[in-house]
Every structure is written in structure tokens, then in C-alpha cells.
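The values are calculated or read from the model by the stated rules, or taken from the named source; none is laboratory data. No experiment lies behind these values; they were computed from the predicted model shown. Neighbour counts run over all protein chains shown; Cβ positions are idealised from the backbone, glycine included.
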Amino acid sequence: MNFRAVFHLISFLVLFTTMGQYASWGIALLYHDPVYVQTGLLQAAFFNTLFAALLWAVTRGPIDLTRRDGFGIVTFGWLMVAHTGALPYVLTASTPDAVTALFETMSGYTATGSTAIEIVEDLPYGILFWRSLTQWFGGMGIIVLAVAILPFLGVGGMQLFSAEMSGPSKDRLTPRIESTAKLLWGVYLALTLIAFLAFHWAGLNWFDALNHAFTAVATGGFSTRTASVAAYDSVAVEMVFVVVMLIGGISFPLHYRALTGYPKSYFKDPQIRFYFGLWGITILIIALNLIFSMGLSPAHAFRDTLFQVTTLLTSTGFVSADYNQWPALSRGILLFLMICGGCAGSTAGGVKVIRFLVLFKKALREIRLFMQPEAVVQVKVAKKTVTQDIISKITSYFVIYMLVWGVATLIMTLFLPDLKSAFSSVVSALGNMGPGFGSVGAVQNYAHINAGGKITLTFVMLLGRLELFTVLVLFLPRFWRK
């Protein structure tokens with residue numbers, strides 16, 4: 001791997017994200033945060049700018065990227081911006097220690113939404129803004145942002161784009177990968193603006209509306225309130241969240257096609273049909289379960305179910321009700337949704353519904369072949385045959401996903417009081433979800449976990465955001481051989 005070229009490009013990633021720290025300092029000034037907060041944010045921005053400049057200067061030279069370098073830039077770049085992004089928390093004393101600051105920052109950049117801050121309202125405005133901004137940066141992907149301007153550096157971006165984008169395939173909207181990245185970010189900006197205006201229309205003040213626009217479009221889940229969306233107790237607010245989260249969970253290339261005159265793209269995509277089918281069926285089942293098991297009124301049951309199914313299917317993690325108190329059937333379905341996640345090419349986490357769709361069709365194929373060994377049966381999605389290579393990759397991904405989940409759960413049993421909390425904390429981190437069950441449930445947080453547990457979950461969040469292979473490939477000795 002060409003370390004000089006890799007870290008030269010990472011210096012630009014650090015500089016990009018540091019601009020957000022200057023913006024957060026401006027918010028601190030605007031809202032009259034305490035002087036030590038204003039000073040801390042400015043110091044963090046200055047130190048990170050200086051670090052980026054020094055890193056850029058010592059790594060200057062010709063750049064020729066390989067696929068291997070792309071993996072290095074994505075993984076090391078994410079680690080670097082997480083560490084530099086933790087500095088505002090440390091210098092403003094917003095977290096009790098540096099490990100918690102790193103946990104909070106990684107949760108932000110990976111759009112996970114797990115928080116180790118017990119009372120969010122105690123945070124100053126500048127830090128609340130920075131916290132939300134990390135999710136907005138991470139939602140579409142810091143690397144995709146970099147790819148959008150790589151022509152300025154004279155560098156091709158396919159290696160980065162393919163390593164960072166989620167899902168089993170990467171959708172190009174244009175022949176040039178840089179143009180694709182710019183178009184995706186254009187859609188992302190437009191949706192963020194629409195969400196901002198919609199939240200304010202629904203009743204949120206300008207600051208809350210902006211922060212929640214950042215985190216909802218990014219399907220991140222950070223809120224400016226400890227009680228999350230439940231703090232507003234507003235049907236109008238919740239419905240706006242539902243719409244924004246559903247949009248965030250849909251493939252962004254489809255949004256672009258719809259906005260450029262091809263709205264039928266939504267209806268033709270089998271992934272979207274599966275996504276909304278799963279969404280609708282689970283809402284119906286859970287709502288009926290709540291009505292007959294807990295005696296809730298139909299209006300109450302469907303309101304809570306609509307929100308929680310949407311937020312967990314899209315791996316956003318906002319909370320409007322304590323689903324830890326729901327019946328076992330409902331909690332089991334929610335757990336499946338947490339694993340499933342949204343669409344490939346979206347800001348959502350999880351395994352992705354397209355992978356589940358292919359695995360389901362592969363299972364049906366195997367059953368049919370068991371009954372008719374001589375039959376020629378192909379796995380098809382949208383009337384197109386799925387190649388054996390893609391099926392193999394999806395199967396391998398799912399197996400590795402489950403192995404990582406199992407190993408990480410065993411590790412987390414050392415740091416959490418019960419198995420339910422341990423395995424759901426890993427499901428949440430690996431699926432970039434936020435809340436889980438047990439002691440890390442809907443109305444809980446991660447503050448009680450010690451440093452070892454937070455470091456473990458921080459690494460698992462990175463694995464989930466970069467879809468395992470991008471990070472795990474770095475642990476193979478062959479990767480480092482020339």
C-alpha cells in the first residue's frame with residue numbers, strides 16, 4: 001500500500017470535516033455558549049487544521065491509487081476523522097473522558113446514533129451542532145464527498161467509491177465516478193433542505209429543525225433531546241420524521257432518477273417493493289400484537305408502531321416509545337428489522353434488504369432443486385438473473401456478518417450485565433442502529449459501559465459502516481504483500 005499517497009488524501013478528509021468544527025464554533029458564538037466552549041471549539045478546529053496542513057505537506061508527491069490503496073484510505077480515513085472529530089468533545093469537557101468522546105464521534109460519523117451522553121440537553125449548542133453534523137457527513141459518506149472533488153487533485157475516485165458505498169453493487173449515474181458522487185451529494189443536500197423546512201413547519205424551532213434534518217436524512221438518530229422524538233409528543237413531528245427516514249432508507253441513485261424525470265424507477269425496483277412490503281406487513285403485525293396483548297387503542301398502537309418500525313428498519317434509531325416493554329413477538333420482529341436495514345445505496349445500515357431478497361430467492365431455489373434435482377432454476381431479481389458470483393458474495397457477507405456478531409457479543413458479555421444487552425448492543429453497532437434492548441434499550445444509553453466495551457463497540461460500528469470487507473481485508477497478511 002502506498003502510505004504516502006493514502007495519508008496525503010486523508011489530510012484532505014481531515015480538512016473537510018474540520019470546516020464543520022469552524023461552523024460549530026460559529027453556532028456557539030451565535031447562541032452565546034460559555035466562553036470555554038467557544039474557546040474549545042476554536043482550538044479544536046485550529047489544531048486539526050494545523051494537523052491536516054502538516055500531514056499534507058509531509059506526504060506531497062505523485063498519486064497513483066490502486067484498489068488496495070482505496071481500502072486503506074477509507075478505513076484509515078474514517079479512523080482519522082473520528083479521532084480528530086473527538087477533539088471538540090475533549091476540549092469543551094462535553095464528555096467525561098477521551099474514550100467516550102471517540103465513541104460519540106464514531107457513532108456520529110457511522111450514522112449509528114448510540115450515545116454515551118446521559119443528558120443531551122446539558123450539551124452546549126455548538127457541541128449539539130457538531131454532534132449532528134458528524135452524522136450528516138457520515139450519512140452519505142465522507143469518502144464520497146472526497147470523491148466529488150478528487151478531480152481537483154488529479155486523482156481518479158473509483159477505488160474510494162467502490163470501497164465506501166454500501167450494498168452488493170455500486171450504481172453509477174454517469175460514466176465519470178466524480179460526477180456520480182457530486183450528483184448523489186446534490187440529492188442529499190436537496191433532501192436535507194426539504195427536511196429542514198418540513199421539521200420547522202411541523203413545530204420545531206430553527207435549531208432543532210436543522211439538527212434533526214441532518215440526522216434524519218442521514219438515518220443517524222442523534223437528537224437534541226434526551227428523550228429523542230418522544231420529547232415533542234407531536235403527531236405532526238413524528239409523521240415528518242417517518243417520511244424523511246423512509247426517504248433516507250431508499251437508494252439515492254433512485255432518488256436522482258426520480259428527480260430527473262423518471263419517478264417510475266421507484267416502482268420498477270424490486271428492492272423498493274420488498275422494502276415497503278416488509279415495512280407494511282411488520283407495522284400491521286406489531287400494531288395488532290400491541291392492541292390484543294397490551295390493550296392499546298388502535299390509534300395509539302398504529303402511531304407507535306409506524307414510528308418504531310420505520311426508525312429501526314431504516315437503522316435511524318430515534319425513539320417515540322419504549323419498545324422494551326412491548327410483547328416478545330413485537331420485540332422479535334423489531335430485532336429482525338434492526339438486522340435487515342434499508343436499501344443498498346441509501347444512508348441506512350444493516351445487512352440491506354436486497355441481500356435478504358436474494359438470500360430468500362436462493363433458499364427457494366435450493367428447496368426446488370431438492371425436490372427436482374434435474375431442474376434448471378435461476379435466481380432472478382427484476383427478471384434479471386443474479387450471477388453465481390454475486391450470490392456467493394452475498395452469502396459470504398451474511399456468514400461473516402453473523403460470525404462478527406457472535407464474536408463481538410462474547411466480548412461484550414465481559415462489559416454488560418446480561419446476554420440480551422450484550423448481543424443487542426452488537427446488533428445496534430454492527431447495523432449502525434443506535435438503541436438496542438435491555439440496558440442499552442430505547443430509553444437507555446451507553447454511558448454505563450466501561451472503556452473496554454466502548455472501544456469494542458467503536459470498532460464494530462466502523463465494521464458495520466464499511467460493510468466488513470473494507471476493514472477486515474486489512475487484517476489479511478496477503479493484503480500487505482507487494
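A few points about this structure:
- Some residue of the stretch 61-83 being modelled with pLDDT of 95 or more and either surrounded by fewer than 18 Cβ atoms within 10 Å (Cβ to Cβ) or among the polar types (S, T, N, Q) (or both): yes
Yes or no, residue by residue, for (1) of a type in the set (A, V, I, L, M, F, W, C); (2) touching a Ser or Thr at 6+ places or on another chain (Cβ under 8 Å); (3) in contact (Cβ under 8 Å) with a residue 60 or more places away in the chain:
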| residue | (1), (2), (3) |
| --- | --- |
| Gly20 | no, yes, yes |
| Ala23 | yes, no, yes |
| Ile27 | yes, no, yes |
| Thr39 | no, no, no |
| Ala57 | yes, no, no |
| Pro62 | no, no, no |
| Ala86 | yes, yes, no |
| Val90 | yes, no, no |
| Thr95 | no, no, no |
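- Residue in the stretch 338-347 that is of a type in the set (A, V, I, L, M) and either modelled with pLDDT of 90 or more or part of a helix (DSSP H, G or I) (or both) present: yes
- Scanning the stretch 201-229 for residues that are farther than 22 Å from Ile127 by Cβ and outside any loop (DSSP other than H, G, I, E, B) returns Trp201, Ala202.
- The condition of being within 23 Å of Asp269 (Cβ to Cβ) and of a type outside the set (Phe, Trp, Tyr) holds for Ala218.
- First in the stretch 105-130 and in contact (Cβ under 8 Å) with a residue 12 or more places away in the chain and under 17 Å from Val81 (Cβ atoms), second anywhere and of a type in the set (A, V, I, L, M) and surrounded by 24 or more Cβ atoms within 10 Å (Cβ to Cβ), Cβ under 6 Å, 6 or more apart: Thr105/Ala82; Met106/Ala82; Met106/Met461; Tyr109/Ala82; Thr110/Met461; Ala111/Ala218; Thr112/Met461
- Filtered residue count, the stretch 315-332, keeping only those that are aliphatic (A, V, I, L, M) and crowded, with 22+ Cβ neighbours inside 10 Å: 1
- Within the stretch 229-255, the residues that satisfy the criterion of being surrounded by fewer than 19 Cβ atoms within 10 Å (Cβ to Cβ) and not aliphatic (A, V, I, L, M) are Asp233, Ser234.
- If you check Arg303, Arg257 for being modelled with pLDDT of 95 or more and of a type in the set (Lys, Arg), only one passes: Arg303.
- Among residues of the stretch 296-315 that are without any contact (Cβ under 8 Å) to a residue 40 or more places away in the chain and under 23 Å from Met433 (Cβ atoms), those with a Cβ under 6 angstrom from a residue that is small (Gly, Ala, Ser) and in a loop (DSSP other than H, G, I, E, B), sequence gap 6+ or separate chain, pair up as Asp304/Ala321.
- Flag for Asp233 being acidic (Asp, Glu), out of contact with any Asp or Glu (no Cβ under 6 Å at 6 or more places or on another chain) and in a helix (DSSP H, G or I): no
- Yes/no for Leu204 being aliphatic (A, V, I, L, M), modelled with pLDDT of 90 or more, surrounded by fewer than 24 Cβ atoms within 10 Å (Cβ to Cβ) and farther than 22 Å from Gly434 by Cβ: no
- Among the residues making up the stretch 209-221, those that are within 17 Å of the chain's Cα centre (by Cα) and either surrounded by fewer than 23 Cβ atoms within 10 Å (Cβ to Cβ) or under 22 Å from Ala344 (Cα atoms) (or both) are Ala213, Phe214, Thr215, Ala216, Val217, Ala218, Thr219, Gly220, Gly221.
- There is no residue in the stretch 449-458 that is among the basic types (Lys, Arg), out of contact with any helix residue (DSSP H, G or I) (no Cβ under 6 Å at 6 or more places or on another chain) and crowded, with 17+ Cβ neighbours inside 10 Å.
- Of all residues in the stretch 2-24, those satisfying the criterion of being in a helix (DSSP H, G or I) and either among the acidic types (Asp, Glu) or over 25 Å from the mean Cα position of the chain (by Cα) (or both) are Phe3, Arg4, Ala5, His8.
- Complete set of residues in the stretch 96-108 that are crowded, with 22+ Cβ neighbours inside 10 Å and either hydroxyl-bearing (Ser, Thr, Tyr) or assigned to a loop (DSSP other than H, G, I, E, B) (or both): Thr100, Thr105, Ser107
- Single unsatisfied condition, Arg481 versus (1) basic (Lys, Arg); (2) crowded, with 16+ Cβ neighbours inside 10 Å; (3) more than 25 Å from Cys343 (Cβ to Cβ): (2)
A quick yes/no check of all residues on (1) surrounded by 12 or more Cβ atoms within 10 Å (Cβ to Cβ); (2) in contact with a strand residue (DSSP E or B) (Cβ under 7 Å, 6 or more places away or on another chain); (3) basic (Lys, Arg):
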{"position": "Met338", "(1), (2), (3)": "yes, no, no"}
{"position": "Leu359", "(1), (2), (3)": "yes, no, no"}
{"position": "Lys362", "(1), (2), (3)": "yes, no, yes"}
{"position": "Ala375", "(1), (2), (3)": "no, no, no"}
{"position": "Val381", "(1), (2), (3)": "yes, no, no"}
{"position": "Thr385", "(1), (2), (3)": "no, no, no"}
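- Scanning the stretch 81-98 for residues that are small (Gly, Ala, Ser) and within 17 Å of Tyr446 (Cα to Cα) yields a total of 3.
- Listed by position, the helices (runs of 4 or more DSSP H) contained in the stretch 381-482 that have at least 3 residues being at pLDDT 90 or above and of a type in the set (Gly, Ala, Ser) are 419-430, 451-465.
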